[in-house]
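Reading through the structure tokens given below for one structure.
Nothing in this text is a laboratory measurement; each read-out follows from the coordinates by a stated rule. A quick note: this is a predicted structure, and the numbers were derived from the prediction, not measured. Neighbour counts run over all protein chains shown; Cβ positions are idealised from the backbone, glycine included.
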Amino acid sequence: MSFGGLHTDHRAIVVAAIIVFFVLSLVMAVLPALRQQAFPAPPGVTPRTGDAERGRQVYMREGCGFCHTQFVRDLPMDRPYGRASQPGDFALENPPMLGTQRTGPDLTDVGTRQPSDAWHLIHLYDPRAVVPQSVMPAYRWYFEEKDQAGPGDVVAAVPPDRAPPGKVIVAGPEAKALVAYLLSLKQAKVAP
Amino acid sequence: MTLIGMQLRNPGLPATTSVDPATVRVTFEYVACATVWLLVGTVIGLIASIKLHWPEFLPLAWLSFGRVRPVHTNTVLLGWSSLALVGPALYVVARTSRVSLWSPRLARLALWLWNLAVLGGLVTLLAGVNRGPQEYREWVWPLAVIMAAAVLIAGYVAYRTVAARTLPEVYVSNWYILGAFCYLPILYVISYLPFYQAGLGNTVVQGYYMHNAMGMWFTQLALGVSYYAIPRLLGRPIYSYALGVLGFWTNLLFYPLIGAHHFIFSPVPWWLQSVAILFSVGMMVPVWAGTGNLLLTFKGGGAALRRSYALPFFIVGLIGYAFSSTQGTIEAFRSANIYWHFTNFTVGHSHAAMYGFIAFIAWGVVYGLVPRLTGHEPNPLAVGVHFWLALVGVLTYVISISTAGVLQGFSWVAGQSFIASVIAAEPLWLWRTIGGLLMVGSHVVFAVNVWSMRPRAVGAPAPAPGMVRSTA
């Protein structure tokens, strides 16, 4: 097998490499991506706003997506997380956070599975207060430890032995936003 | 292969007098900066590892798991692995072209832009400034622009050096190295441009990007420098030059087709997943061609192998290449993917590849070439300590975390509650930290060795002129 002039022509090697890689990139990445981004969101699904959208920013900032996926496969073990994901499910997600690791459970439909904001607040302040074996980071920096709750304060009902003595745990704006985001994670109903 | 306490006097070793001091310096600067990022990146990785079995360890926002995880990956990928291969690659293009590096000053500029990007990435990601969990492209775009500029400048220096060669042929190392510098900018730009990345389009690009970063950048550079360093250290020609060229083309044709195998069973189009699985098998051609070719080059080189502290790193690296690539192919099969996907098995796989393959090749190249450049050898005993700590460390790491992955997968398939998979994995996470500790320890020894190989001030007694044998 001869490679002709390529052996002695650095320009030809580089041009060939660029063209082949570029064409394969178009075929395998750019064109399929263009098609995939065209899927419409399921009916009734609207973009997130307000606290839920701010909570999504906090979720990204903290890298939650490195341990929690947000997509359900058509496999028996994924049944507890919801129906199998469809392309339209991600139409309004920018970026979509499908993820590659499940160190923690999938969160596609966590707003349905765990609808209690009180639970989420405790869990974010101290995951091991509600799930003793959990290895999730405690996001205490999004809470304030106060002597007394003020008017309008949202208190996380942390068990007394999990909080500093004599203090109440008050959710900061990011904690409230994050809970709003988690509660907004509900899989849309679609025709099968 | 007696690695500890062997004598090392290789007639080819003394500094190659035909390499100009500017090329020597800049190559060494790349290696030194890479070493700093190796230490930083793996200490951060160790922190992340400890947090999985001791969640209350260092409970600070800037050091929470979700923030240090991308800092670890980006620092070791774009800082350590890239710079440790680009520096020697620039030396290889100059040596095999029989000219000085085209512009050591531009090469140095690229290095400092590179460092700036990695440092900026480290600080911004710890501060929580990112683009979401898009693996290895979490950096905000201004940092990506600096990174792209650095790659383009370094690539241009390599290209101009090869263009100025005094031999008619372009040596096979330079095919791989120039290829790498062509692919990465295309890959990087496509992964950052937003026009096709709304919704699931983003995920298609994610699979393409994270996969090709491995095969079209790190693998290319590692093979490129190996095709120079291994024959050079053995004093023998490559087993088959044509096989090297075949590896270049098959890698280019097959590798870009398999990115979607990271999203098997996802809503990404079924045809894309199936093509990815098919060519994951096709990938065995360049992988075994490359491994076989380079390992067969060792045939009859037993004497050199016994004398060299650098060559054992190549042996491990090449085995790591074949092992991790074959493992990747098997993981792509749908039947295996059911058990392994989303589990820690993936983490074991990525460390088998980036550490067992890429890092060991990078160390082999550094120990093999830098003493020839500077005329200063590390203590062979210390190199042996580095080798064994790193090898035992990575084996402990990969075996424990892969076992954790298998247990997670079984737990999920059995339909247990999620926390059962955490409980099953936790003892192995401790073992993973132990492996990581040995790995970090080996990096400290490596840093000491790099320091002892540093070029001394100009005017220091010049080493005896070396024989410049042409194996290239």
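Which residue, A:Pro47, B:Val86, A:Val170, has the largest displacement toward the positive end of the dipole of the protein assembly as shown when charges sit on each Cβ (Lys, Arg +1; Asp, Glu -1)?
In the protein assembly as shown, that residue is B:Val86.
Once you charge only the Cβ atoms, +1 for Lys and Arg and -1 for Asp and Glu, what is the size of the charge dipole of chain B about its Cα centre, to the nearest 20 debye?
With Lys and Arg at +1 and Asp and Glu at -1, about 1100 debye.
Could you please state, rounded to a whole Å, how far the C-alpha centre of region B:231-248 is from the C-alpha centre of region B:176-207?
31
For region B:73-110, which trypsin sites (Lys or Arg not before Pro) pass both filters: DSSP loop (anything but H, G, I, E, B) and at most 15 other C-beta atoms within 10 Å?
B:Arg98
So what's the angle, to the nearest 10 degrees on a 0 to 90 scale, between helix B:241-254 and the longest Cα principal axis of chain B?
30
With unit charges on the beta carbon (Lys/Arg positive, Asp/Glu negative), name the residue among B:Thr23, B:Ser325, B:His72 whose Cα is farthest towards the positive pole of the charge dipole of chain B.
Projecting each Cα onto the dipole axis, the largest value belongs to B:Thr23.
Which of A:Lys167/B:Lys51; A:Lys146/B:Lys51; A:Lys176/B:Lys51 have a Cα-Cα distance over 32 Å?
Pairs exceeding 32 Å: none.
Please rank A:Asp89, A:Asp51, B:Asp20, A:Asp161, fewest neighbouring Cβ atoms within 10 Å first, as an exposure proxy.
A:Asp161, B:Asp20, A:Asp51, A:Asp89
For A:Cys64, B:Cys33, what ranking results if the residue with the fewest other Cβ atoms within 10 Å of its Cβ goes first?
B:Cys33, A:Cys64
Evaluate peptide A:127-137: per residue, the Cβ atoms of other protein chains within 10 Å of its Cβ; return the mean as an integer.
The shielding value for this peptide is 4.
Counting only helical runs of four or more DSSP H residues, what would the 222 nm mean residue ellipticity of the protein assembly as shown come to if each run contributes -39,500 (n - 2.57) and the total is spread over all its residues?
Roughly -19000 deg cm²/dmol at 222 nm, from the helical runs in the protein assembly as shown.
Size of the dipole of region B:25-170 about the Cα centre, Lys and Arg at +1 and Asp and Glu at -1 on the beta carbon, nothing else charged, in debye to 20?
380
Which aspartates and glutamates, on any chain, are close to A:Lys186 with Cα under 16 Å apart, when same-chain ones fewer than 8 places away are left out?
Within the straight-line limit of under 16 Å, A:Lys186 reaches these aspartates and glutamates: A:Asp51, A:Glu53, A:Asp78, A:Asp89, A:Glu93, A:Asp106, A:Asp109, A:Asp117.
Could you tell me the calculated FRET efficiency between B:Ala61 and B:Leu193, based on Cβ-Cβ distance and R0 = 22 angstrom, to the nearest 0.05?
Calculated value: 0.10.
May I ask you to derive the FRET efficiency for B:Ile423 and A:Asp9 from their Cβ-Cβ distance with R0 = 60 Å, giving the value to the nearest 0.05?
FRET efficiency, B:Ile423 to A:Asp9: 0.50.
Going by C-beta contacts inside 10 Å, put B:Ile177, B:Ile264, B:Ile146 in order with the fewest on the left.
Starting with the residue having the fewest Cβ neighbours, the order is B:Ile146, B:Ile264, B:Ile177.
Along the charge dipole of region B:25-170, which of B:Pro104, B:Trp54, B:Pro168 sits closest to the positive end, that is, farthest toward it, with unit charges on the beta carbon of Lys, Arg, Asp and Glu (+1, +1, -1, -1)?
Result: B:Pro168.
For region B:158-166, what does the Karplus curve 6.51 cos²θ - 1.76 cosθ + 1.60, with θ = phi - 60°, yield as ³J(HN,Hα) per residue in whole Hz, taken in order and with x for Gly and Pro?
4, 4, 5, 5, 5, 4, 8, 4, 9
With only Lys, Arg, Asp and Glu charged, each at its Cβ (+1 for the first two, -1 for the last two), find how big the charge dipole of the protein assembly as shown is about the Cα centre; round to the nearest 20 debye.
Around 1620 debye, computed over the protein assembly as shown.
Please identify the helices of chain A, taking whole runs of DSSP H, that span at least 20 Å along their own axis as judged from the Cα atoms and have a mean Kyte-Doolittle score of -0.5 or higher.
Answer set is A:10-25.
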